[in-house]
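This report refers to the structure that appears directly beneath it.
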Amino acid sequence: MERSNALGVLPVKRLMVSMGVPMILSMLLQAVYNIVDSAFVSNMAEHGEEALNALTLAFPLQMLMVAVSIGTGVGANALLSKSLGQSDLDKASCTAGNALFMAAVIYVLFLLFGLAGVKGYIATQTKSALISSMAVKYLSICCVYSFGIVFFSIYEKLLQATGRSLYSTIAQVSGAVTNIILDPILIYGLLGLPKMGVSGAAYATVAGQVVSMVTALVFHLKKNIEISNKAEYLKPQLKLIGEIYSIGLPAMLAQALMSLMTYLMNLILGSVSEAMVTAYGLFYKVQQFILFAAFGLRDAITPIVSYSHGMKDKKRINDGVKYGLIYTAVIMLAGTLAVELFALPFSKLFGLSGETQGLCISAMHIISLSFVFAGANIAIQGIFQALNGGIQSLAVSICRQMLFVIPVAWAFAQAAKNSQTSPRIIWLTFPIAEILSAVIAVVLMKRKFAAMGQRLSFKAIE
């Protein structure tokens, strides 16, 4: 039995586990990149906390890189899975080829930004010459050599679309290990190499991304036998690219909103204190470890539901939704418990000062209460993507990352500056946003299924 056929044959709850576990591991390892960089630079002998702040300022643009790349990959993933479900191998190959063409375009854009736009971008977030210098060095390297993360994001989704998520995970592991090994060597100047500081962290990151890209490329060529890699399939087809982005653009915008939200939060928190910016940046990277698990499971939900949608199998669609939400809830509850119990050890990992450490710990205790609702929102967004509900997916993202975040955070920040209110009140923004967004997401999903003439059933698992 072909591996891709398993998407339409294996029991959904078994398929969700077999595909989801490797994808979750893959996403967790993706979160490792930023956490490892932050941990090593924060423990530099000189200016460790400033370096940490610099990486926080660079982070929104790095997220945007991932957003554009992953969004393209998500569109290709869903369209390719649906094409395989319809036994249209030619369209599947064209989808893969056009996704790779767009990856080349995306890389050129970020290369140009790395050469000409980084300094201006960083200048909008800080007036510190030291922090600005570190951030510009770090981000310029990440942009100029961003071809690794851009192309890996596409190959990863192509492997996941055919049910071969284990190989994308292996590729992710290879890059993460490379990054972890090179970070202390390049940052601190070990093994006779010069001490490079934040530049070393950047070179370690892009080196890991390139290793992941090359490994995923090899697996794609050898394992994705349903997809032809002839040069003719790389020729851009505007109609097909439009189909990819009709699915992937909302996912891209959703990821980009995350980048914009982080940038705006840096500005809002910076108006209170630099310690708030650093604390939030560190918490965000710890939080990624939890939420990226939900993203990984979402990447299993999307091809399963999409393939079933192509087959017009209502039962498998319903099972994909049911088990996807149940498994996501279990993962998020475990993540909440872990962060609540180990907030202090997590904060000590980065060698923070007393004030910043206290703010980071309070962020962990308060914001982690939103994880279950955040996981539900992420899973439902994946369901919408699989069912050509890109607009609904985008609406949920706007609610949870902009509409219910930035105005509320700004209001809390003003209260903290103009009264005796503790600045920690700002952390309540995120539970409020996720809970309200979850209510809206459930309403939209019920309407989507009603429009399809299908009724959702959440009976107990047999």
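The values are calculated or read from the model by the stated rules, or taken from the named source; none is laboratory data. Note that this is a predicted model, so its numbers are computed, not measured. Glycine gets a Cβ as well: all are built from the backbone with ideal geometry, and neighbour counts include every protein chain shown. Side chains are part of the model used for accessible areas, which takes the heavy atoms of the whole protein and leaves out ligands, DNA and RNA. Shrake-Rupley method; radii C 1.70, N 1.55, O 1.52, S 1.80 Å.
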Right, Phe342: open to solvent by 50 Å² or more (accessible area, probe 1.4 Å), in contact (Cβ under 8 Å) with a residue 60 or more places away in the chain and under 23 Å from Asp37 (Cα atoms) or not?
no
Could you please give the count of residues in the stretch 179-205 that are under 19 Å from Gln62 (Cα atoms) and not aliphatic (A, V, I, L, M)?
7
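Residue-by-condition table, conditions (1) within 17 Å of the chain's Cα centre (by Cα); (2) β-branched (Val, Ile, Thr); (3) more than 30 Å from Glu243 (Cα to Cα):
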site: Ile317; (1), (2), (3): no, yes, no
site: Leu344; (1), (2), (3): no, no, yes
site: Thr356; (1), (2), (3): no, yes, yes
site: Ala374; (1), (2), (3): yes, no, no
site: Asn377; (1), (2), (3): yes, no, no
site: Ile383; (1), (2), (3): yes, yes, no
Which of the residues belonging to the stretch 124-140 are in a helix (DSSP H, G or I) and surrounded by 13 or more Cβ atoms within 10 Å (Cβ to Cβ)?
Leu130, Ile131, Ser132, Ser133, Met134, Ala135, Val136, Lys137, Tyr138, Leu139, Ser140
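Please tell me if Ala329 is closer than 15 Å to Gln160 by Cβ and hydrophobic (A, V, I, L, M, F, W, C).
no
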If we scan the stretch 353-373, do we find a residue that is touching a residue at least 24 places away in the same chain (Cβ under 8 Å), touching a Gly at 6+ places or on another chain (Cβ under 8 Å) and open to solvent by 30 Å² or more (accessible area, probe 1.4 Å)?
no
Identify the residue in the stretch 393-410 that is open to solvent by 50 Å² or more (accessible area, probe 1.4 Å) and without any contact (Cβ under 8 Å) to a residue 60 or more places away in the chain and, among all such residues, is farthest from Thr356 (Cα to Cα).
Leu403
Restricting attention to the stretch 415-457, which residues are in a helix (DSSP H, G or I), touching a Ser or Thr at 6+ places or on another chain (Cβ under 9 Å) and free of Cβ contacts under 8 Å to residues at least 12 places away in the same chain?
Ala415
Are there any pairs with C-beta distances below 6 angstrom linking a residue in the stretch 154-165 that is farther than 13 Å from Ala300 by Cβ and open to solvent by 10 Å² or more (accessible area, probe 1.4 Å) to a residue that is at pLDDT 90 or above and not β-branched (Val, Ile, Thr), with the two at least 6 apart or on different chains, and if so which?
Tyr155/Ala216; Tyr155/Leu217; Tyr155/His220
Taking the stretch 89-123, which residues are closer than 25 Å to Glu50 by Cβ, within 24 Å of the chain's Cα centre (by Cα) and part of a helix (DSSP H, G or I)?
Phe113, Gly114, Val118, Tyr121, Ile122
In the stretch 87-108, the residues that are without any contact (Cβ under 8 Å) to a residue 12 or more places away in the chain and either aromatic (Phe, Trp, Tyr) or within 25 Å of Gly208 (Cβ to Cβ) (or both):
Ala104, Val105, Val108
Could you tell me whether the stretch 257-274 includes any residue that is open to solvent by 10 Å² or more (accessible area, probe 1.4 Å), of a type in the set (Phe, Trp, Tyr) and farther than 30 Å from Ser419 by Cβ?
no
Which residue pairs have Cβ atoms closer than 8 Å, lie 6 or more positions apart in sequence or on different chains, and pair a first residue in the stretch 45-67 that is touching a residue at least 24 places away in the same chain (Cβ under 8 Å) with a second residue that is part of a loop (DSSP other than H, G, I, E, B) and hydrophobic (A, V, I, L, M, F, W, C)?
Glu49/Leu352; Ala51/Met44; Leu52/Phe350
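Here's the yes/no breakdown for (1) touching a Phe, Trp or Tyr at 6+ places or on another chain (Cβ under 8 Å); (2) over 30 Å from Ser308 (Cβ atoms):
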{"site": "Ala123", "(1), (2)": "no, yes"}
{"site": "Cys142", "(1), (2)": "no, yes"}
{"site": "Phe147", "(1), (2)": "yes, yes"}
{"site": "Phe152", "(1), (2)": "no, no"}
{"site": "Gln160", "(1), (2)": "no, no"}
{"site": "Ala201", "(1), (2)": "yes, yes"}
